[in-house]
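The values are calculated or read from the model by the stated rules, or taken from the named source; none is laboratory data. Everything quoted here is computed from the prediction, not taken from an experiment. As a convention, Cβ positions derive from the backbone with ideal geometry for all residues, glycine included, and neighbour counts pool all protein chains shown.
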Amino acid sequence: MTRVLVLDGSQRKSLAAVRSLAAKGHHVLVADSKRLSLAGSSRFSSRTVRLPPADEPDYLEFLAALTERESIDVVLPTDDQSMGALAGQRVIGRAALLTPSKDGFAMARDKRATVELAVRLGVDVPRTESPVSEAAARDVIESFPLPALVKPRESSGARGIVYAEDRDTLRAGYSAVQARYPSPLVQEWVRPIVRKTHVAMLTLDGRVLASFTQRVIREWPVGGGVGTLWQSVRDDAAIDVTQRLLEAVRFTGVTLTEYVYTNTRGPVLMEVNPRFWNTLVLAIACGVDFPSLTVAAALGKPMEGPRDWPVDKVGQWLVPGDLLNFAFNPRRFRQSIGYLPLGRRSHAIWRSDDPVPLITMLLIIARGAFSPRMWRYAFRR
């Protein structure tokens, strides 16, 4: 029985990975910097072990020692920080890994590098400027076509993005983003968006082992962020573009690549995320088991996933994600798919045979009730 250590236990994607791997007969442990974690509270996790945060200098030393102590065969990082700390490695301690090269990880994390690669390959991307000095920034801000947005070079979801309809908002937005994220990008605000597509992919030196596509129907924040309701689709155009990007850099590992469509353009590349994604549960439910395929590849036994999957299956993150969308979405009563968790939906947290993670989520929310950071998250639009 393969012993797998799933990192980043506080993440919904780690919970999905734990459940999937245990169902395939693996012995699963969870690691996290917090004592209370979603994945660690699952009945499919044998136990939780503590690790320092991935940006701590002793993280790799602690992790290597842990693999020896617990006889771990494979380590599965799921989030940006852990994947970045382990990028370029195939082994940590006694355990195998499947991670991108440092260059491949940097290309995907750095949105400027992603845009430059896309332009070289003829992939449609929003017009983008990346000023490297204050003078250049002033010139870009005064001349860039509106509407526009300012976004960090490294971030995920809607974190740090400021949208601007007018020049004053663009100036203020650039200053605000620059204060937190060095050298942000100024980018075309593509709209009106009629569809958002995510392409999940597992590659080995650029060769596709598995792919899956989904459309994002609702998000939190409402205007753009983390998916709270999503649906399986087949989007071959977006798959083909993603394959070209990852082949060009001989990428190894999992990615979630985001695209938008307008009535006249698409797929338009928005970003590449070089790690697992919090909507992972739907791909697994549709038979594309990325965690198990990643573990097999890490062990030197790569397998291809199915080339077809059922479409129109629905995934939902109800608590608190879709509830927040309902609370603040002015179109809450005009949704094509309702908020009530009816039918055969795949839920990011809730499962009747594994109820404790939902209780854990509620405890985490209650514990954070007095945290200004949590309230800022809850009320961002």
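Here are the numbers for the structure shown:
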item	result
Residue list for segment 53-69, restricted to those being of a type outside the set (Ser, Thr, Tyr) and buried (at least 19 other Cβ atoms within 10 Å of the Cβ)	54, 63, 66
Sole residue being assigned to a strand (DSSP E or B) and farther than 24 Å from residue 151 by Cα, chosen from 213, 197	213
Hits in segment 348-369 (condition: among the hydrophobic types (A, V, I, L, M, F, W, C) and in contact with a Gly (Cβ under 9 Å, 6 or more places away or on another chain))	348
Test: residue in segment 151-160 that is of a type in the set (A, V, I, L, M), at pLDDT 90 or above and at negative phi	no
Scan of segment 88-127 for residues that are among the β-branched types (Val, Ile, Thr) and surrounded by fewer than 19 Cβ atoms within 10 Å (Cβ to Cβ), ordered by number	91, 119
Whichever residue in segment 108-162 is among the aliphatic types (A, V, I, L, M) and assigned to a loop (DSSP other than H, G, I, E, B) and, among such residues, is nearest to residue 189 (Cα to Cα)	146
Residue that is surrounded by 14 or more Cβ atoms within 10 Å (Cβ to Cβ), modelled with pLDDT under 95 and either touching a Phe, Trp or Tyr at 6+ places or on another chain (Cβ under 6 Å) or closer than 26 Å to residue 199 by Cα (or both), where the choices are 130, 82	130
Spans of strands (runs of 3 or more DSSP E) in segment 11-107 with at least 1 residues under 20 Å from residue 154 (Cβ atoms) and in the same structural domain as residue 273 (by TED's automatic domain parsing)	none
Residue match in segment 1-23 (condition: over 17 Å from the mean Cα position of the chain (by Cα) and at pLDDT below 95)	yes
Given (1) under 24 Å from residue 227 (Cβ atoms); (2) modelled with pLDDT under 95, number of the condition residue 35 does not satisfy	(1)
Number of the condition not met by residue 222 [criteria: (1) closer than 21 Å to residue 15 by Cα; (2) surrounded by fewer than 24 Cβ atoms within 10 Å (Cβ to Cβ)]	(1)
Residue count, segment 133-152 (criterion: closer than 26 Å to residue 216 by Cα and crowded, with 18+ Cβ neighbours inside 10 Å)	5
Test: residue in segment 308-315 that is basic (Lys, Arg) and under 30 Å from residue 3 (Cα atoms)	no
Cross-chain or 6+ apart pairs with Cβ under 9 Å, segment 196-208 first and on the phi > 0 side of the Ramachandran plot, then basic (Lys, Arg) and outside any strand (DSSP E or B)	205/250; 206/250
Among (1) more than 18 Å from the chain's Cα centre (by Cα); (2) within 28 Å of residue 355 (Cα to Cα); (3) modelled with pLDDT of 95 or more - the single one residue 94 does not satisfy	(2)
Residue match in segment 171-185 (condition: touching a residue at least 24 places away in the same chain (Cβ under 8 Å), in a loop (DSSP other than H, G, I, E, B) and surrounded by 19 or more Cβ atoms within 10 Å (Cβ to Cβ))	yes
